[in-house]
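Quick note: the coordinates plus some simple rules give every number you see, no bench work behind them. Computed from a predicted model, the values in this text were never measured in an experiment. Heads up, the Cβs are rebuilt from the backbone with ideal geometry, glycines too, and the neighbour counts pull from every protein chain shown.
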Amino acid sequence: MSRILKFEGLSVCGTALVSFVAGSLITAYLTHLNQVRADSDRVFELNVYHAVPGKVPALEDRFRDAAPLIAQHGLNVIGYWVPNEGAAGDNTFVYLLAHASREEAKERWHAFHADPAFQKYVTSEEAEKLIETVDKIYMRPTAFSSMR
């Protein structure tokens, strides 16, 4: 008789544990879905700078100097890159930003460009042309992207 009660007690505890785990997993999943839905306007901005040949190191210096001002305006830079190989390495500078929405990106870029401290970089570009063209691409993350 005591074996049966012990087995029933373990069965009840096991059922409670499985129910708790299942409920926790379902809650976590639903919370994640709501978070993904809330972030559905999030965009990434890819900027590819085509520099005057041989001027990428000077462009890197300019961005290194501007990075604190960029951050001060809430522009979330994920990273900066230059190609290692090929002709693109001589004249390409790339950086990626994350924004909560296109509207936020527009507002923050506007504030950045209106900042008097930014004029230093405009003057610098006028004095020493480093940039030939810029390709700007806004991207949305896919549903299976690890970076949403």
### Query
If the viscosity is 0.692 mPa s and the temperature 37 °C, what Stokes-Einstein diffusion coefficient in µm²/s follows for region 43-139 when Rh is the Kirkwood radius over Cα pairs?
235
## Note on the structure
Percent relative contact order for region 43-139, counting Cα pairs under 8 Å at least six residues apart, stands at 50
### Query
Which net charge results for the neighbourhood of residue 108, defined as the other residues with beta-carbon distances under 12 angstrom from its beta-carbon, given Lys and Arg at +1 and Asp and Glu at -1?
-3
### Task
Would you list, by chain and number, the aspartates and glutamates whose Cα falls below 14 Å from the Cα of residue 136, excluding same-chain residues fewer than 8 positions away?
45
### Message
At R0 = 25 Å, how high is the FRET efficiency between residue 143 and residue 103 if r is their beta carbon distance? Nearest 0.05 is fine.
### Response
0.70
### Query
How far, in nm, would the chain grow between residue 90 and residue 47 when pulled straight, counting 0.36 nm per residue and subtracting the alpha carbon separation?
13.8 nm
